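Undergrad: This is the structure, below, for whatever I ask next.
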Amino acid sequence: MKRGIAKILLDVRRGDGPPAARHWTFPALVTTERLVKEQPKIAAGAVRAIVKTQRALRADPQLAVKAAQRLFPAEEASLIAYEVAHDAPFYDPTITAEMIACISRFAREIGALEGEIRHDELVATQFAGLWQG
């Protein structure tokens, strides 16, 4: 049930704000470079699990209700399918060079970063085959 007590006022993913803002927020699996280098099978397994989950939720947002029922009260858990369906277009594991350039520029502009961050410094591109296609 929706009570109308809250609204999303700004969603940069959908074009609210400057065009570069579309790339200021996205889901990411974060780990250490050490884990990627020393245990690539574990890192690859995590990537595969995320890709599989995103695809499953895009295909059937109701799957999220089953998971939410274990964590939230019934009324709140019932709302999750709507939110998943609403956000399904953004369930994409790809982190592009453009995305990294945009967030890097933003971080420099607000004084949180000095210098440029390259895509291959931040993204484990050796796993690209797992999230593409």
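Just so you know, all these numbers are worked out from the coordinates, no wet-lab data involved. Remember, predicted model here, so these are calculated numbers, not experimental data. Methodologically, a virtual Cβ is constructed for each residue, glycine included, from the backbone with ideal geometry; neighbour enumeration extends over all protein chains shown.
Undergrad: Could you state the angle between the C-alpha long axis of helix 97-109 and the longest principal axis of the C-alpha atoms of the chain, as a value from 0 to 90 degrees rounded to the nearest 10?
TA: Helix 97-109 sits roughly 80 degrees off the main axis of the chain.
Undergrad: Rounding to the nearest 10 and keeping the result within 0 to 90°, find how far the Cα-based axis of helix 74-87 lies from the longest principal axis of the chain.
TA: Once rounded, the angle reads 50 degrees.
Undergrad: Could you tell me which GluC sites (Glu not before Pro) in segment 29-133 are loop residues by DSSP with no more than 13 other beta carbons within 10 angstrom of their beta carbon? Walk me through the numbers before you get to the answer.
TA: Details: sites: E33, E38, E75, E76, E83, E98, E109, E114, E116, E121; in loops: E114, E116.
Here the sparse-neighbourhood loop sites are E114, E116.
Undergrad: How far, in nm, would the chain grow between I42 and L71 when pulled straight, counting 0.36 nm per residue and subtracting the alpha carbon separation?
TA: 7.8 nm
Undergrad: Turning to a different aspect of this structure: Taking the Cα centre of segment 32-91 as origin, work out the dipole magnitude from +1 charges on Lys and Arg Cβ and -1 charges on Asp and Glu Cβ, in debye rounded to 20.
TA: Numbers: 9 positive and 7 negative charges, 93 e Å.
It works out to roughly 440 debye.
Undergrad: Using 0.36 nm times the number of residues separating T125 and A59, minus their current alpha carbon distance, what extension gain do you get?
TA: Here the answer is 21.2 nm.
Undergrad: While we're looking at this one, here's another question. Given R₀ = 22 Å, what would the calculated FRET efficiency be for E109 paired with R13, taking r from the Cβ atoms and rounding to 0.05? Display every interim value, and only then the final one.
TA: Details: r = 20 Å, r/R0 = 0.89.
E(calc), rounded to 0.05, equals 0.65.
Undergrad: Compute the long axis of helix 40-59 from its Cα atoms, compare it with the longest principal axis of the Cα atoms of the chain, and write down the angle in degrees, 0 to 90, nearest 10.
TA: It works out to around 40 degrees.
Undergrad: Counting only pairs 8 or more residues apart or on different chains, how many lysine pairs in segment 1-94 have their Cα atoms under 29 Å apart?
TA: Step by step, the pairs that qualify in segment 1-94 add up to 6.
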